[in-house]
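Following: one structure in structure tokens, then a few remarks.
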């Protein structure tokens, strides 16, 4: 519990930011869903033959897996808040539409007849009779939708929309139970509090309720506009993939840029998502810079993949740089020293017991292997499919989240994992990487990737980022990852310590 409360205190500012993002996304999604579903349901009560059809459509939309829906939306609207809100609105439509329709349709016909007898028109009857009577049922549907939205909104963090899901993802990635609990508990409490507030709304008159919702929507929009206005003109947004290493690198970028370019303000978006999300965001001008690896560019990002087998690290980088410029008008700056390549890892005791030192040696113990690997490695051509083909293996791995696979091998549930050569867990869990004796894995040198137009606009920023060229060894990066993941130091502190100690940044390493 001490660790939980200490983490809560240390992260209070980030928690407040994530909480506001979660509330903003959730309420905007709810209000939009209500604006669509309630009028549609009212219309459907007078066109009953369409009601069943619309209920069926809303039900089908709700069955689409949330990750699949987000994946379908990304190519159309990019990443960030917009696809998250669209997905949440789709999930919220069914309970609101269904309850509104049922609430009005189940009103006693004699009451409807009495209203007609008093000469009420359709609009007056709706607001004076139907909505007040149906309000408890409608509010119940809104509450269901709200709880669903708040829970599903945690996935918004996967596409850079922020929210409390960032704490959950970060907790899983860093193997930090306190962070995961903070995100989960905050989300649950938010659902309870907002659900109670929604329940109180049924005591309000419909016109006041609608007016209050409009004011709330305008208020949220006003805060967003105010934040945009306050954003400095020379603001550069730097994002990083999931994990400690990208977090360290983007903090280095920020320190170097702001030290050398006093007029430039840097906004960081750590744990922004996977490779395709960041690359899509960069091309949609939703972020300005992110760290990428040369091998990843050639294997996964260029439109006409070119073989990097047999190329030196410099040749791989040069080819990646050329393709990024020609195909996407992106500038790939100078690379760092270390090669964060893929590897296969097993426990040190297994390596000794099986006398296994290379990937080829796995053929002798293939019947004993229980692989657990990331979904990305299982799917990538430069991952498991290529390993099996090159080394004559037939490994069939179960997919796992990056951090969970390390826990699984440590607990003995699996005995071979994919790894990056700079992963701190290799040291933490006493794992050994097998030699890639057939040189299958390409070189993965990291460097900043940015729009060429931005590079031309801010030559000073390019100069600052190029200071990292040739720096950071494999040992340096693994040690920094260890400090963040195991010793629980902040990525910001670790990044600054490295820059100061290597005379790239002025000041002390605090």
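Looking at (1) buried (at least 18 other Cβ atoms within 10 Å of the Cβ); (2) under 29 Å from the mean Cα position of the chain (by Cα); (3) farther than 14 Å from residue 346 by Cβ, find the lone condition where residue 391 falls short. Failed condition: (2).
From 506, 488, 492, grab the single residue that is part of a loop (DSSP other than H, G, I, E, B), surrounded by fewer than 21 Cβ atoms within 10 Å (Cβ to Cβ), touching a residue at least 12 places away in the same chain (Cβ under 8 Å) and under 28 Å from the mean Cα position of the chain (by Cα).
Answer to the check: 488.
When the stretch 458-476 is filtered for residues that are in contact with a strand residue (DSSP E or B) (Cβ under 9 Å, 6 or more places away or on another chain) and either closer than 30 Å to residue 176 by Cβ or in a helix (DSSP H, G or I) (or both), the ones remaining, listed by number, are 461, 462, 465, 466, 468, 472, 474.
Being at pLDDT 90 or above and buried (at least 20 other Cβ atoms within 10 Å of the Cβ) is the requirement here; does residue 281 meet it? Here the answer is no, as residue 281 does not meet what is asked. The residues of the stretch 168-180 that are surrounded by fewer than 19 Cβ atoms within 10 Å (Cβ to Cβ) and assigned to a helix (DSSP H, G or I), listed by number, are 172, 177, 180. Scanning the stretch 352-375 for residues that are crowded, with 17+ Cβ neighbours inside 10 Å and either out of contact with any helix residue (DSSP H, G or I) (no Cβ under 9 Å at 6 or more places or on another chain) or modelled with pLDDT under 95 (or both) yields one hit, 374.
When the stretch 253-284 is examined, which residues are found to be part of a loop (DSSP other than H, G, I, E, B) and closer than 20 Å to residue 166 by Cβ? Residues satisfying the conditions are 270, 271, 272, 273, 274.
If you check 238, 250, 287 for being in contact with a strand residue (DSSP E or B) (Cβ under 7 Å, 6 or more places away or on another chain), part of a strand (DSSP E or B) and either modelled with pLDDT under 95 or surrounded by 20 or more Cβ atoms within 10 Å (Cβ to Cβ) (or both), only one passes: 238.
Kindly establish whether residue 183 is assigned to a loop (DSSP other than H, G, I, E, B) and farther than 26 Å from residue 59 by Cβ. The answer is no for residue 183. Against the condition farther than 30 Å from residue 170 by Cα and more than 27 Å from the chain's Cα centre (by Cα), how does residue 327 come out, does it pass? So residue 327 fails the test. In the stretch 341-410, counting only helices (runs of 4 or more DSSP H) that sit wholly within it, the ones holding 3 or more residues that are free of Cβ contacts under 8 Å to residues at least 24 places away in the same chain and more than 21 Å from residue 439 (Cα to Cα) span 348-354.
For every residue, the table says whether it meets (1) modelled with pLDDT under 90; (2) on the phi < 0 side of the Ramachandran plot; (3) surrounded by 15 or more Cβ atoms within 10 Å (Cβ to Cβ).
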| site | (1), (2), (3) |
| --- | --- |
| 8 | yes, yes, yes |
| 71 | yes, yes, yes |
| 80 | yes, no, yes |
| 86 | no, yes, yes |
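If you check residue 98 against the conditions, is it assigned by TED's automatic domain parsing to the domain that holds residue 29, in contact (Cβ under 8 Å) with a residue 24 or more places away in the chain and crowded, with 18+ Cβ neighbours inside 10 Å? Answer is yes for this residue. Scan the stretch 153-167 and give yes if some residue there is under 15 Å from residue 33 (Cβ atoms), touching a helix residue (DSSP H, G or I) at 6+ places or on another chain (Cβ under 7 Å), crowded, with 16+ Cβ neighbours inside 10 Å and in the same structural domain as residue 28 (by TED's automatic domain parsing), otherwise no. Yes, the conditions are met somewhere in the stretch 153-167.
Only one of the numbered conditions (1) closer than 21 Å to residue 250 by Cβ; (2) touching a helix residue (DSSP H, G or I) at 6+ places or on another chain (Cβ under 8 Å) is not met by residue 453, and that is (2).
Residue-by-condition table, conditions (1) in the same structural domain as residue 92 (by TED's automatic domain parsing); (2) more than 30 Å from residue 193 (Cα to Cα); (3) assigned to a helix (DSSP H, G or I); (4) within 31 Å of the chain's Cα centre (by Cα):
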residue	(1), (2), (3), (4)
21	yes, no, yes, yes
37	yes, no, yes, yes
41	yes, no, yes, no
50	yes, yes, yes, no
53	yes, yes, yes, no
56	yes, yes, yes, yes
61	yes, no, yes, yes
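The values are calculated or read from the model by the stated rules, or taken from the named source; none is laboratory data. Because the structure is a prediction, the values reported are computed rather than measured. Note that we place each Cβ from the backbone using ideal geometry, even for glycine, and neighbour counts take in every protein chain shown.
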